[in-house]
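Chemist: Right, I'll just put the structure down here and ask away after.
The values are calculated or read from the model by the stated rules, or taken from the named source; none is laboratory data. Small disclaimer: the values here were computed from a predicted structure and weren't measured. FYI the Cβ positions are ideal-geometry reconstructions off the backbone, even for glycines, and counts take in every protein chain you see. The area values use the complete protein model at the heavy-atom level, side chains included, leaving out ligands, DNA and RNA. Shrake-Rupley method; radii C 1.70, N 1.55, O 1.52, S 1.80 Å.
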Amino acid sequence: MKHHTIAVLLSSAALLGSAMGVEAQTIYRIVGADGKVTFSDKPPVTADQGKVASTGAGAKTDATGAAMPFELRQVAAKYPVVLYTSTQCVPCDTGRSFLTVRGIPFSERTVSTNEDRDYLRRLTGDNSVPYLTIGSQRIRGFSDQEWNQYLDAAGYPQKSLLPATYKRPDPTPLVVVQKAPAGAAKPADAASTPEPAYQPPAANPSNPAGITF
């Protein structure tokens with residue numbers, strides 16, 4: 001298995017284990033008017049308009065999703081694929097190309113800033129990329145055999161069904177830093193309420209890979 005480790009010094013207190021959300025969501029690092037920093041999966045709401053601040057990250061998802069065949073769209077909605085990458089990471093480039101050639105619709109989250117690295121470690125328990133999620137499955141490093149195995153189990157077609165006009169969403173940062181406007185509603189603190197740590201399934205002779213969805 002190929003992986004690339006992002007070198008970064010982090011306090012041991014920041015290590016919260018391997019709790020991980022399965023949705024292809026962007027994390028927002030919000031600096032309040034009082035200087036307090038919170039992490040949330042929702043951007044701050046402006047006080048005067050009551051509208052969510054737009055990041056432009058999800059605008060193309062619906063348009064490209066509508067262009068997918070129905071059967072592929074069903075699988076992608078049930079078991080979304082999210083790829084976590086960094087720059088100058090050969091295994092990341094290989095994994096991205098693998099998903100593209102197989103015709104897997106996926107979202108990409110880039111890890112390039114200290115905030116990104118810190119949050120990745122809090123989510124996964126380490127700071128190595130590529131990191132792939134397929135529904136609730138979490139896979140560290142790149143292995144074409146292992147990735148194929150999990151994608152097959154999830155029901156993704158082995159050959160691309162994507163139309164020639166399909167364009168996948170642009171990569172987005174794992175953490176988007178925003179300043180909360182004065183009087184904005186306080187978002188839920190996603191970092192303070194992590195999901196329970198992932199527990200591997202019990203051994204099953206008929207399913208030696210332990211793939212469950």
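Chemist: With all protein chains present, calculate the accessible area of Y166 using a 1.4 Å probe and round the result to the nearest 10 Å².
Modeler: Y166 has an accessible surface of roughly 40 Å² with all protein chains in place.
Chemist: How big is D, in µm² s⁻¹, for the range 108-181 by Stokes-Einstein at 10 °C and 1.306 mPa s if Rh is the Kirkwood radius over C-alpha pairs?
Modeler: The Stokes-Einstein estimate is 108 µm²/s.
Chemist: Please compute the length gained on full extension between V177 and D126, using 0.36 nm multiplied by the number of residues separating them and subtracting their Cα-Cα distance.
Modeler: Net length gain for the segment: 16.2 nm.
Chemist: Hey, another quick one. As an exercise, use a Förster radius of 35 Å and the Cβ-Cβ distance of R73 and T113 to find the FRET efficiency, rounded to the nearest 0.05.
Modeler: 0.60
Chemist: Over the heavy atoms of E146, what accessible area does a 1.4 Å probe trace out, to the nearest 10 Å²?
Modeler: Here the residue's solvent-accessible area equals roughly 50 Å².
Chemist: Considering amide H positions built from the backbone, and no H for Pro or chain starts, which residues 5 or more places from E108, or on another chain, come under 5 Å of its amide H?
Modeler: Those lying under 5 Å, H to H, from E108 are L83, T172.
Chemist: Considering only protein heavy atoms and a probe of 1.4 Å, how much of the accessible area of the range 73-134 is carbon and sulfur, as a whole percent?
Modeler: 50
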